[in-house]
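Colleague: Provided herewith is a single structure, encoded as structure tokens, for subsequent inquiry.
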Amino acid sequence: MKPYAESCDINKEPILEVLRKLFADRRHVLEIASGTGQHAVHFAGALPHLTWQTSELPQNHAGIRMWLDEASLPNVLSPVHIDANDTNWPVSGFDAIFNANTVHILSWPEVEKLFAGIGRVLEDGGLLCLYGPFNYGGEFTSESNARFDLWLKARDPLSGVRNFEDLDALARKQGMTLLEDFEMPINNRTLVWQRSRT
């Protein structure tokens, strides 16, 4: 059965509205942790000028391929295996990277490795777009995010809603500067960094 995530249906249009502007001059996008594949087919279908590379852990590839096969889009590529803990990702040369709802699931050391991997495959001038809930100054932006954090930590004590300042420090280590911080529905944000041109 084709996998389905209700959250993807809820957030896909607000995210697409942001990506239409950000990715207007982009060509080659890597989606880290494509999940079910719903975002990939929705965004790539609406932005046909992009080549959209999906990625996930191997156990999720079959579900993503179901969405890709049904959509039959020429600009979406089959998923590659990307694990934040790996030092060698099997792809490179992207002018944009998109990720949704992942950094709060990973442990902090894995988040650090994720940003190091992004630094290896994102081209100079490339954009990193990170969607999800974030804290500012160590404070939750809503009661629902505070409850979500408790739920995450009950599942895995090493997970949790991340502080924007900590993520920004990791991005700066990879030569990226914050470009935009978009307010999104349901107490989420889209953070956008751009890698310096050399």
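Computed from the coordinates by the stated procedures, all read-outs in this text should not be read as laboratory data. None of the values given here were measured: they were computed from a predicted structure. For neighbour counting, all protein chains shown are included, and Cβ atoms are generated from backbone atoms with ideal geometry for every residue, glycine included.
Colleague: Against the empirical 2.2 N^0.38 Å scaling, what ratio does the C-alpha Rg of region 1-102 come to?
Modeller: Numbers: Rg = 12.7 Å, N = 102, 2.2 N^0.38 = 12.8 Å.
Dividing the Cα Rg of region 1-102 by 2.2 N^0.38 Å gives 0.99.
Colleague: Right, next: Can you sort Cys129, Cys8 by how many other beta carbons sit within 10 Å, fewest first? Write down the numbers at each step before the final one.
Modeller: Numbers: Cys129 24, Cys8 19.
The order, fewest Cβ neighbours first, is Cys8, Cys129.
Colleague: I'd like the Karplus ³J(HN,Hα) series for region 175-188: coefficients 6.51, -1.76, 1.60, θ = phi - 60°, whole numbers in Hz, and an x wherever there's a Gly or Pro.
Modeller: x, 10, 10, 4, 9, 8, 9, 8, 7, 10, x, 6, 6, 10
Colleague: What are the aspartates and glutamates whose alpha-carbon lies under 18 Å from the alpha-carbon of Lys2, with same-chain residues fewer than 8 places away excluded?
Modeller: Candidates past the 8-residue exclusion: Glu56, Asp69, Glu70.
Colleague: Can you tell which of Leu152, Val192, Tyr4 lies farthest toward the positive end of the dipole of the chain, using +1 and -1 charges on the Cβ of basic and acidic side chains (Lys, Arg; Asp, Glu)?
Modeller: Val192
Colleague: If you add up the charges near Gly125, with Lys and Arg at +1 and Asp and Glu at -1, over every other residue whose beta carbon is less than 13 angstrom from its beta carbon, what do you get?
Modeller: Details: positive: Arg26, Arg27, Arg195, Arg197; negative: Asp25, Asp95, Glu123, Asp124.
Summing Lys/Arg as +1 and Asp/Glu as -1 gives 0.
Colleague: Here's something else I'd like to know. Straight-line reach from Lys21: which aspartates and glutamates have Cα under 14 Å away, leaving out those fewer than 8 places along the same chain?
Modeller: Straight-line reach from Lys21, under 14 Å: Glu13, Glu180, Asp181.
Colleague: So, one more: Quick check: convex hull over the Cα atoms of the chain, volume per residue in Å³, rounded to an integer? Show your work: numbers first, answer last.
Modeller: Working: hull volume 22.8 nm³, N = 198.
Given the Cα convex hull of the chain, per-residue volume reads 115 Å³.
Colleague: Using helices alone, what [θ] at 222 nm do you get for the chain, with -39,500 (n - 2.57) per DSSP H run of 4 or more residues, divided over all residues and rounded to the nearest 500?
Modeller: On the way: 6 runs with 74 residues, N = 198.
-11500 deg cm²/dmol, from helical runs alone.
Colleague: Please report, in debye to the nearest 20, how large the charge dipole of the chain is about its Cα centre when each Lys and Arg carries +1 at its beta carbon and each Asp and Glu carries -1 there. If you can, show how the numbers build up before the last one.
Modeller: Numbers: 18 positive and 26 negative charges, 60 e Å.
My answer is approximately 280 debye.
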